[in-house]
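All remarks here apply to the structure that follows.
The values are calculated or read from the model by the stated rules, or taken from the named source; none is laboratory data. None of the values given here were measured: they were computed from a predicted structure. Backbone-built Cβ (ideal geometry, glycine too); neighbour counts: all protein chains shown. Remember, those area values only see protein heavy atoms, side chains included, never the ligands or the DNA or RNA. Shrake-Rupley method; radii C 1.70, N 1.55, O 1.52, S 1.80 Å.
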Amino acid sequence: MSGVRVNAELGANDMDITNSSRHHSENLPYVHKMGVPPKQNLVKEFTTTLKETFFSDDPFKPFKDQTKSKKVVLGLQALFPILNWGRDYNLSKFRGDLIAGLTIASLCIPQDEIDPVHNKLEYQRLAFTATFFAGITQVTLGVFRLGFLIDFLSHAAIVGFMAGAAITIALQQLKGLLGIRKFTKKTDIVSVMHSVFGSIHHGGKRNKKYFWVPAIAPLISVIISTFFVYITHAERHNVQIVNHIKQGINPSSLDKIYFSGEYLAKGFRIGVVAGMIALTEAVAIGRTFAAMKDYQVDGNKEMVALGTMNVVGSMTSCYVATGSFSRSAVNFMAGCNTAVSNIVMSIVVLLTLLVITPLFKYTPNAILASIIISAVVGLIDIDAVILIWKIDKFDFIACMGAFFGVVFVSVEIGLLVAVSISFAKILLQVTRPRTALLGNIPRTTVYRNTLQYPEAMKVPGVLIVRVDSAIYFSNSNYIKERILRWLADEEELLKEHKEPQIQYLIVEMSPVTDIDTSGIHALEELYRSLQKRDIQLVLANPGQVVIDKLHASHFANLIGEDKIFLTVADAVLTCAPKVEQA
């Protein structure tokens, strides 16, 4: 009734306008107002960021609401994973671990001693010092939870590294397989093949009849080949064997580590570099096999474990150690299920050094080489390389960079190339993020990329641009200029077809996860540039972090809070009628 009384007092024209406006507003859906998040506490925000950076896996979650005794048990399980998976250990798993452990032991036992060098004692002391500081570096990285650093090794880089390492290791085994005495110590393919072809005159026909032993199973192959070499004395016919192995365990070397003097700084530098390289290589290998057996690698635990191993090793006459690609491959192929295979290997190696070292004297190098070759060749994943090529060409470049770096130079260079290319990809994505023009999918309120959906229709008088990245100092200027280029191209196209010019530019900000002061400054410049062209800047769906910063910087007040909408559809709904009226 009140509406009727009001209308009775209005003139005819006013009644038409009012009824038209009411009819129009009744037909329009409700436009949701953009929510303003509550003011964030600085300390809480900093704490949250710190937690997500260093404790993203929430390692303390299992300890919540637990009794003191249970917390002790969980803590011990975190430090010693065997206490966790050991509860479900069974005979079936032990069978695979036993075979794998014995197989790996057969490869670990026949190792060369350190080559004679001048000032051997100083050389050994420097090696032990470097090993000590390599371990300290690794433990420090793990304790401070810097395991996220290994995430710079992409899947593509690991695939390339794995293939390159497999080929490099297989080529290195040609020394033992062909019985070549003078073999290069370099790992690149050119040097290796030069050694092979340069030594072909004594490695072929004379020893050919002794290469008949097939590697049916690694451990059986070692036993059978050792037995036959022993009874036939094949070593007298140029078959290369392990020969003499020094008996006994390593003596303590704690007193040989440099904790002062001129070699301390040198040992520290070498140790830090070697520790980082060893860690990167070990984690790359770990991730390779983790992907095969579908489990996760905890980078922080890997760092602490490797570091502890090297610190203890430096005190027991060991040099820097890391995960072995070849032995890991053999371990995997031999049926390893758990870390028990390493325990078996350790026990066998210890007993061998103390008691049965002479039994391995007649093990032929050729059989050890063939075991390693058969294991690593299967790790070259051609299908994965093809898939990477189909999915992402930049990933393919990273893959090939790692592969050729390992094959033609060294494992370290391959890893360096892989990480460098991964960094370059990240920088390129950050500094040159994607943007897209959006259009309306017919018969919906959905707005999508016009390249992906050619049927998506543009809204007359409105240009909708989506930014697919956070807006930082590194890309803010590019994003502003790219949006203005979109606008210039669209205006040129509209002018050519004699259609109405753009009056509203809507920036879809759903993918914009964050923005810094440079980003806000770029939006201000964009706003001023649009004002000179009589074009209104409208924002759609900025996230909580972004909208909070837009209000804190007063940018929301600059463009007007009525120019910030929950969705693109709401923004278009509000802008389009004004375009029609104009």
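Summary of values
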read-out	value
Hits in region 539-550 - residues which are in a helix (DSSP H, G or I) and open to solvent by less than 20 Å² (accessible area, probe 1.4 Å)	Val546, Ile547, Leu550
Test: Ala339 is in contact with a helix residue (DSSP H, G or I) (Cβ under 7 Å, 6 or more places away or on another chain), surrounded by fewer than 18 Cβ atoms within 10 Å (Cβ to Cβ) and either closer than 30 Å to Gly248 by Cβ or among the β-branched types (Val, Ile, Thr) (or both)	yes
Residue in region 365-382 that is free of Cβ contacts under 8 Å to residues at least 12 places away in the same chain, assigned to a helix (DSSP H, G or I) and open to solvent by 60 Å² or more (accessible area, probe 1.4 Å) present	yes
Residue within region 551-570 that is in contact with a strand residue (DSSP E or B) (Cβ under 9 Å, 6 or more places away or on another chain), in a loop (DSSP other than H, G, I, E, B) and in contact (Cβ under 8 Å) with a residue 60 or more places away in the chain present	yes
Among the candidates Ile277, Ile285, residue that is in contact (Cβ under 8 Å) with a residue 40 or more places away in the chain, part of a helix (DSSP H, G or I), open to solvent by 40 Å² or more (accessible area, probe 1.4 Å) and over 24 Å from Leu254 (Cβ atoms)	Ile277
Condition broken by Ala165, with the remaining ones in (1) of a type in the set (A, V, I, L, M); (2) closer than 30 Å to Val312 by Cβ; (3) open to solvent by 40 Å² or more (accessible area, probe 1.4 Å); (4) at pLDDT below 80 satisfied	(3)
Selection from region 314-333 of residues that are of a type in the set (Gly, Ala, Ser), more than 14 Å from Ala290 (Cβ to Cβ) and open to solvent by 20 Å² or more (accessible area, probe 1.4 Å)	Ser317, Ala321, Ser324
Whichever residue in region 413-457 is in contact (Cβ under 8 Å) with a residue 24 or more places away in the chain and basic (Lys, Arg) and, among such residues, is surrounded by the most Cβ atoms within 10 Å (Cβ to Cβ)	Lys425
Only listed residue being without any contact (Cβ under 8 Å) to a residue 24 or more places away in the chain and within 30 Å of Leu121 (Cα to Cα), chosen from Gly261, Gly323	Gly261
Per-region count, region 468-486, residues farther than 18 Å from Thr517 by Cα and either at pLDDT 95 or above or in contact with a helix residue (DSSP H, G or I) (Cβ under 8 Å, 6 or more places away or on another chain) (or both)	2
